[in-house]
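**Student:** The following block contains the structure, expressed as structure tokens.
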Amino acid sequence: MKKIEIFEPAMCCSTGVCGPSVDSELLRITNLFDTLKENEEVKAYRYNLTSNPQAFVVNEKVLNLIQNQGNDVLPITLIDGEILKTESYPTSEELGLSDINNEKGACCSNSQEEVKVEANTTTCCGGNTGCC
């Protein structure tokens, strides 16, 4: 079984998909990880520096990178404990997941409808979608 871990910078919520301007990379990675929840061959974990600081402390590779290079090295992606990528999110291809269907909206696990965030909202994914 493949284990994917992403160590992310501090964000307002566990997905980072919130606020008035949503980062398309966070939408993509949130969608990918939502898709992986059902996959029995891959276990995928996201650790947010704000929500999961202990995960950063106990992982020696991640801790060393942050101590030597600072928080700009985040996000850090590990596959089976080995560093795959730093400073940006991996693509599905880099993760060896190019066959994963990644079409549904990031916070719409039961819907094909894409969530639009209103310019003035501060809630995750614009409301009661189950995100954050």
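Each value in this text was obtained by applying a stated rule to the coordinates, not by laboratory testing. In this text the structure is predicted, and so the values were computed from the model without any measurement. Virtual Cβ from ideal backbone geometry, glycine too; neighbours counted across all protein chains shown.
**Student:** For the range 77-82, in order, what is each residue's ³J(HN,Hα) by Karplus, 6.51 cos²θ - 1.76 cosθ + 1.60 with θ = phi - 60°, in whole Hz (x at glycine and Pro)?
**Tutor:** Taking θ as phi minus 60°, the curve returns 10, 10, 10, 6, x, 9 Hz for the range 77-82.
**Student:** Let me ask something else. Once the piece of chain linking Ser92 and Thr50 is laid out straight, how much longer is it, given 0.36 nm per residue of separation minus the C-alpha distance between them? Each step should come with its number before you reach the end.
**Tutor:** Details: separation 42, 0.36 × 42 = 15.12 nm, distance 2.52 nm.
Contour length minus the Cα-Cα distance gives 12.6 nm.
**Student:** Show me, for the range 84-94, the HN-Hα J-couplings you get by feeding each phi into the Karplus relation (A = 6.51, B = -1.76, C = 1.60, θ = phi - 60°), rounded to Hz, glycine and proline as x.
**Tutor:** The phi angles translate into 9, 7, 10, 6, 7, 7, x, 7, 4, 5, 5 Hz.
**Student:** 5 Å is the cut-off here: which amide hydrogens, built 1.01 Å from N in the peptide plane, fall below it relative to Lys85, excluding neighbours closer than 5 in sequence?
**Tutor:** Thr77
**Student:** Give the long-range amide H neighbours of Tyr47: residues separated by 5 or more places, or on another chain, with amide H under 5 Å away, using H modelled in the peptide plane at 1.01 Å from N.
**Tutor:** It is Ile6, Phe7, Glu8, by chain and number.
**Student:** How far apart, in nanometres, would the label points at Lys3 and Ile83 be if each is projected 7 angstrom from Cα along the Cα-to-Cβ direction?
**Tutor:** 1.8 nm
**Student:** Each label point is 7 Å from the Cα along the Cα-to-Cβ direction; what then is the distance between the points at Glu41 and Cys13, in nm?
**Tutor:** Distance between the two pseudo-spin positions: 3.2 nm.
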